[in-house]
1. Failed condition for Ala37, given (1) among the aliphatic types (A, V, I, L, M); (2) out of contact with any Lys or Arg (no Cβ under 8 Å at 6 or more places or on another chain); (3) not in a helix (DSSP H, G or I), with all others met?
2. For the stretch 12-64, which residues satisfy the criterion of being acidic (Asp, Glu) and within 16 Å of Glu76 (Cα to Cα)?
3. Would a scan of the stretch 81-89 turn up a residue that is more than 21 Å from Leu17 (Cα to Cα), of a type outside the set (A, V, I, L, M, F, W, C) and buried (at least 20 other Cβ atoms within 10 Å of the Cβ)?
4. If you go through the stretch 176-190, how many residues are over 20 Å from Glu206 (Cβ atoms) and either among the aliphatic types (A, V, I, L, M) or not in a helix (DSSP H, G or I) (or both)?
5. Can you tell me which residues in the stretch 247-281 are part of a loop (DSSP other than H, G, I, E, B) and more than 19 Å from Phe148 (Cα to Cα)?
6. With respect to the numbered conditions (1) crowded, with 19+ Cβ neighbours inside 10 Å; (2) without any contact (Cβ under 8 Å) to a residue 40 or more places away in the chain, which one is the sole condition not fulfilled by Arg151?
7. Only residues that are touching a strand residue (DSSP E or B) at 6+ places or on another chain (Cβ under 7 Å), assigned to a loop (DSSP other than H, G, I, E, B) and among the hydroxyl-bearing types (Ser, Thr, Tyr): list them for the stretch 124-166, please.
8. Just to be sure I understand, how many residues within the stretch 24-68 are over 32 Å from the mean Cα position of the chain (by Cα), farther than 17 Å from Thr80 by Cα and β-branched (Val, Ile, Thr)?
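We did not get these values from a lab; they are worked out from the coordinates using the rules stated. No experiment lies behind these values; they were computed from the predicted model shown. Counting neighbours? That spans all protein chains shown, and the Cβs are built from the backbone with ideal geometry, glycine included.
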Amino acid sequence: MSKQSKKNAAAQSTLTLAPAEKIHVGCDVHESKYAVAFWSPQRGEWVSQWVQTSDDQALLKRLAPHRAHVERVVYEAGPTGFGLARALRAAGFAVDVIAASHTPRAGVEPDKSDRRDARQLAQFSAQPGLLHPVYIPSELEEQDRQVFRIREQHKTRLAELKQRLKALLLCHGYKAPAGLKHWSLAGLAELRALALPESLRWSVDELLSDLEEARKAVVRGNRKLQQLAQSERYKARVERLRTVPGVGLIVAMGFLLELMNLERFADRRALARFLGLGPKVGRSGEQCWSLGRPEVGQGALRSLLVEAAWRWRRGDAYARMIFERYLANTAMKQKAIVALAHKLATILWRIASGELPYLPGLMRVPRAVAGLAPAKAAKSAAKGQGQAPAVVADTQPPLDAGKRGRGGARQPAPAMSSAV
């Protein structure tokens, strides 16, 4: 142990707190070390701070003597994950992992250091509403979610490789085969047979090899998601979600794996903010203007919901009616489809909660319960009408249940595909 570490340990071991005094603990967490600070709102000052190795058990040992005084422990979300938060909770401490993007920042930042960040977090923790915690998943939830995210990474790489192949041909003055518009097997065969100079042929073949590997990786991800969807913890909810026209296995599993605990959303507006589907609005005096889409995560799920909204519009008369209304208000298809994706997400949220069914007909949700959380909405509707309101659509089956052939006839879909 270094001289500074011994000094910190000695100072912390002699810390004396009043019987009713509460402290807030801020941690700046890194792969190799933790910076820790104690803030006392009663005294209005930091009462202890130290830097240690990134050992969860060592930190618990340092916090244990002050367990009765610790109001909350906070640290920012990052690459170290949620292992520390789970260890603290298991030891009986109140802990929150904070969204770093929402942590208040000064207009002019002073010199940055791990110690300063820890002190700042501890001080902010003592002020209600200043920090924004994220959901702390269980180990199983986090592992399942990783399957969806890895699959999306493979899908993104597949799209990038397709773009690189077309760009390579364009750069060297070769016209891409017509079949590459939809990347059909015939189009790939044409590309492999295309007469090219030796060096360029090698480059194209390398990209084609990478493309095939990425495609196989996406298929493996689909199969793993299908396997998870058959597990007891997801099967019933996935089956309910897939009754919505346009919602397939990938959308249903992505929705469940990214949202995880559905009860953490107080209402549909909180859900929209999480997904980045709610508009940002600026207001000053009598003026009101749009600030565009909020910059949040969940980009993969948001894209899937927008794609599903297009299919929902094609396969559901109710969705078409809503889309036309949004289009009349916005005069832009892009804005209208994002608004429809917001509507679809709200319906999926209510269905996944297990309270509201999805039935043929038209959607009827009482205005008084439209903004409530799923459990509260069901309770309010049941009290007012004698039963839960139904989340419904027309009688057409989900579009990803099969593809349409000539003449509009529906053909059975393969057992597993990369379609969402």
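1. (2)
2. Asp28, Glu31, Asp56, listed by residue number.
3. Among the residues of the stretch 81-89, not one is more than 21 Å from Leu17 (Cα to Cα), of a type outside the set (A, V, I, L, M, F, W, C) and buried (at least 20 other Cβ atoms within 10 Å of the Cβ), which makes the answer no.
4. Residues in the stretch 176-190 being over 20 Å from Glu206 (Cβ atoms) and either among the aliphatic types (A, V, I, L, M) or not in a helix (DSSP H, G or I) (or both): 4 in total.
5. Within the stretch 247-281, Phe265, Ala266, Asp267, Leu277, Gly278, Pro279, Lys280 meet the criteria.
6. (2)
7. none
8. 1
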